[in-house]
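First the structure, in the form of structure tokens, and then the observations on it.
What follows is calculated from the coordinates using simple rules that are stated; it is not laboratory data. All values reported here derive from a predicted model rather than from experimental measurement. All Cβ positions, even for glycine, are placed from backbone atoms using ideal geometry, and neighbour counts span all protein chains on display.
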Amino acid sequence: MLELAILGLLQEAPMHGYELRKELATKLGTLRAAISYGTLYPTLKRLKLAGWISEAEANSDIIPPMTSKRGRVVYKITAEGKEHFADLLTQAGPETYDDAGFGVHFTFFSRTDRATRLRILEGRRRRIEERREGLREILARAADRLDAYTLELQRHGLDACEREVRWLEELISNERSGRTPAFRQRAESQRAENQRPESNPEPPRPHLDRP
């Protein structure tokens, strides 16, 4: 998943290692805990050896102070890397239904074809439904043996699963009908509402001079 994420970010712009780590941590949520320089740089080295990225020395004017030698290297995606990234986007196996895999693929859904998006969304829904049913079974069979805090944690997990299933069903419905996600629709609707002039604006008050 880290390979896909790096290639996807480098499609947007060349980056230093520290820039990549910052963007990965910002955009990838569930994967951020696994992102360290100890995992990032070996992955970058492997991508370079495969011919999917290249290195270049950065302009000295844009190198931050106290930056190490590795921080002076700018990473760029190659033509072969772009082709490999496109191939990775079409993969919709079981690993894309897990938390980390789904999060990374979803980040690049705007570059993924609709059929693949649907396969991933439907696979993710099945995965979360299985998780939800497992939690329901635990609550049904063992609720009386759990302490109050463990019981509350299980209920919290069940609520999260139910919310995600509803969210996924909405996304799947949008994909099948060719609509954009509801969040974009709501944002555009709100923006249009904010730009609409008031129907009965309050007339300006006359200026009254003080005596």
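Observations, loosely collected:
- For H16, the amide hydrogen comes within under 5 Å of the amide hydrogens of Y75, counting only partners 5 or more places away or on other chains and with H modelled in the peptide plane.
- I53 long-range amide H proximity, modeled H, under 5 Å: K48, T78
- In nm, spacing of pseudo-spin labels at E55 and L139 (7 Å Cα→C-beta vector): 5.3 nm
- Chain lengthening between E12 and A115 when straightened (0.36 nm per residue, less Cα-Cα): 34.7 nm
- Pairs of Cα atoms in the stretch 91-149 fall into 5 Å distance bins, from 0 up to the last occupied one, in shares of 4, 18, 22, 16, 10, 10, 9, 6, 4, 1 percent.
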